[in-house]
1. What is the packing order of peptides 177-186, 162-171, taking the mean over residues of other C-beta atoms within 10 Å and listing the highest first?
2. Which entries of K145/K248; K12/K236; K78/K258 show an alpha-carbon separation above 27 angstrom in the structure shown?
3. State the percent of C-alpha pairs, over all pairs in the range 208-272, separated by a distance greater than 16 angstrom.
4. P202: net charge of surrounding residues, Cβ under 12 Å, Lys/Arg +1, Asp/Glu -1, itself excluded?
5. Which stretch or stretches of the range 52-74 have amide N atoms under 13 Å from the point lying 7 Å from E28's Cα along the Cα→Cβ direction?
6. Could you compute the net charge surrounding L172? Neighbours are other residues with a C-beta less than 9 Å from the C-beta of L172; K and R count +1, D and E count -1.
7. Counting only protein heavy atoms and using a 1.4 Å probe, what share of the accessible area of the range 139-228 belongs to carbon plus sulfur, as a whole percent?
8. Return one whole number: the accessible area per residue of the range 133-229 in Å², for a 1.4 Å probe.
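The values are calculated or read from the model by the stated rules, or taken from the named source; none is laboratory data. As the structure is a prediction and not an experimental result, all values here were calculated from the model. Every residue, glycine among them, receives a Cβ derived from its backbone with ideal geometry; neighbour counts consider all protein chains shown. What goes into the accessible areas is simple: the full protein's heavy atoms, side chains included, and nothing from ligands, DNA or RNA. Shrake-Rupley method; radii C 1.70, N 1.55, O 1.52, S 1.80 Å.
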Amino acid sequence: MDAPNVVNLSPKIRVRNLNKVFGEPPSEVVALEDVSLDVQENEFVTLVGASGCGKSTLLRIVGGLEYHTGGEIVAAGKTVAGPGADRAMVFQHYSLYPWLNVIENIRFSRGLQASRKDLSSVDVEVASGRADALLNLMGLPSMAKAFPNQLSGGMQQRVAIARALMGRPEILLMDEPFGALDAQTREVMHDLILHVFKLEKPTILFVTHDVEEAIYLGQRVVLMAPRPGRIDTIYKVPLPTARHQDMKHSREFLEMKKEILERIRETSGMKTDIELLERLSRTAAET
């Protein structure tokens, strides 16, 4: 018999009529209102939208790091009531432990399990091999004994991703993981995470402010609107599964980028602000 909190549903992530309110009346803030979304197994979905649209809040709720006020959320077949080993999160800030070297950071979650009585020496050996494999996958075998302060930003984020993958999570949640990186490093990381996605086959929910990044990585782009945070439009990306950087210059890519940017301006009020500034500029020029 299934456990009471197990729900047999086909989507890997299922969000229904989700609401999140911060604070109490009369000064409460509605961060999310009536959000519904399905993410299928081994699907890469990106979330974009203006600041304040609730995309990071939604991600944290899926990760069990934030409680929701109303609605339902199911991940990997179980109702989300807190963090779980089936989900791993990668943040914009690398959150590495400065007193541990690279390989120790990657193995950290297994280190926590090492005190369990049911963990055998074989389990420890398998975990060690897993950490070494992830180190190679991230292109960092020569940096195994280096400490975080000896690594570049891109290298630190690779270690953070490897650590998140250590426990073979079914769902990988990524909150603007490449936002602090320079443009060249970000492109390298894009291709790396797509390679990881192909090999590890997790379900990925990825938050970004960068529309180009959202299209290049995602199979679908979910555009969220602010005040209150809600899903406005979902776009299916018209690109093949195998991606390369030259696709960013294709007509289909540029048209989708233009369409999404225009919709973000409309839903956030930026378009109205820009039109007002243009009118003020014309008036000032005429006087």
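1. On the way: 177-186: 16.1, 162-171: 20.4.
In descending order of packing, they fall as 162-171, 177-186.
2. From K145/K248; K12/K236; K78/K258, over 27 Å: K145/K248; K78/K258.
3. Details: 907 of 2080 pairs.
Percent of Cα pairs beyond 16 Å in the range 208-272: 44.
4. Numbers: positive: K12, R87, R168, K198, K201; negative: E41, E43, D86, E170, E200.
That sum, taken over residues with Cβ under 12 Å, equals 0.
5. Counting only backbone N, you get 68-71.
6. Values: positive: R87; negative: E170, E200.
Neighbour charge sum, excluding L172 itself: -1.
7. Details: 1690 of 3340 Å².
Carbon and sulfur together cover 51 percent of it.
8. On the way: 3540 Å² over 97 residues.
On a per-residue basis, 37 Å².
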